[in-house]
Amino acid sequence: MNDELITVRGVVRALEGGDALVEVEQGGCGRCHEEGGCGGQQLTQMFCSGPKSYRAENTIGAGIGDRVVVATPAGSVRRTANLAYGAPLLGAIGGALVGMPIGGDPGAMLGAVCGLLAALAYVRLRSRLGAGGVQGRPRLVSHS
């Protein structure tokens, strides 16, 4: 497993149990154009403006208003995106491919919907079971 961490600086805005809600000025790791970069910064710039807030495990006992460094294992954003977007897409396409020979176009449409629903149920189950595990969660690593 790759031990490299992606870090970003932010400010703790709220505490919820063992987690901290951290506001960061820049989304993503800034490695969008490097090999292995996830493109997260480009996505946040495209869809959002202003500061972003993220939930992170408060492993350092930070308080509200503290400036902190948040770390996420390299590749975890890409794996999560693949699960959240790739599985439903593949489910819909697979369902359509199975339904087409059985019922023509209506069968393909019904198969796509069934495949999509099955894939969404799978994604929901994986997220409830902690798809990335504890080691895949963002966590506070230091005060900045």
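Laboratory data are not the source of any read-out in this text; all were calculated from the coordinates shown. Predicted model only: the values in this text are computed from it and were never measured.
Overview of values
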read-out: Region 71-144: Cα Rg divided by the 2.2 N^0.38 Å rule of thumb; value: 1.51
read-out: Nonlocal amide H pairs with SER144, under 5 Å, H built at 1.01 Å; value: ARG67, VAL68, VAL69
